[in-house]
Amino acid sequence: MKFSKIFGSIVLFGLTFMSCQSEYTRTVNREAKKGAVKDSLILGMSLGDTKQEFFDKCWQLNNKGLVSQGPNNQSVQYILSSKGTDKNLTAINMLFYGNFDKHDTMIGLDMEFFYKAWAPWNDQYMGEKLLPVLKDTLMNWFPGNEFIPVKVDKIDKETYVKVDGNRQIVAYVKDQKEVIVKIEDLKFKYPEKFK
């Protein structure tokens, strides 16, 4: 009888602890246990590419006319065409640049998106309207788990995260114009989980 009370207490404590874990933590733990490596990014790039490989791939894309230099030579620009009736208005600018560790290995990708026709008076082209469109686009590019809402201390905005294997995608509205998307290799963020 005493054993069953102790066992019951342990189970209850375990369930309470498990229920305290966020959906994000449970998702990360589940994906880490799968051991699946997801390193594909956009336009033929991959997590683990060297900085030189990133530059070479961008150079090749530029030579094909698919990308151009972003503002202030700080990023690469790619235009996503749209299915809307007026493609010039509904086209989306994507600016991106790799994140590299001290060994010049790509461990992530930072992206900014905004409608080409954005203006402060164009309500239909605001960042908050763009976020759901981008979540659908990202689901097409990176099938798998759905986006889940998360609370991020450093981001005081509605934020969504998608984790598939070691690849994490975070998306949120930066301001009236832009949506930020960050792709990160969780092997570097949580090395103890992703071995």
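Structure above, values below:
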item: Lone unmet requirement of (1) at pLDDT below 95; (2) of a type outside the set (D, E, K, R); (3) farther than 22 Å from residue 187 by Cα for residue 150; result: (3)
item: Helices (runs of 4 or more DSSP H) wholly inside region 1-96 containing at least 1 residues that are on the phi < 0 side of the Ramachandran plot and at pLDDT 85 or above; result: 23-34, 51-63
item: Residue count, region 50-72 (criterion: among the hydroxyl-bearing types (Ser, Thr, Tyr) and surrounded by 14 or more Cβ atoms within 10 Å (Cβ to Cβ)); result: 1
item: Top-ranked residue of region 99-156 - restricted to ones that are exposed (fewer than 14 other Cβ atoms within 10 Å of the Cβ) and basic (Lys, Arg), ranked as farthest from the chain's Cα centre (by Cα); result: 102
item: Within region 140-156, tally of residues that are without any contact (Cβ under 8 Å) to a residue 60 or more places away in the chain and farther than 17 Å from residue 81 by Cα; result: 10
item: Residue in region 81-91 that is β-branched (Val, Ile, Thr) and closer than 24 Å to residue 61 by Cβ present; result: yes
item: Of the criteria (1) among the polar types (S, T, N, Q); (2) crowded, with 16+ Cβ neighbours inside 10 Å; (3) touching a residue at least 60 places away in the same chain (Cβ under 8 Å), which one residue 75 fails; result: (3)
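The values are calculated or read from the model by the stated rules, or taken from the named source; none is laboratory data. Everything numeric in this text was worked out from a predicted model, so none of it was measured. Every residue, glycine among them, receives a Cβ derived from its backbone with ideal geometry; neighbour counts consider all protein chains shown.
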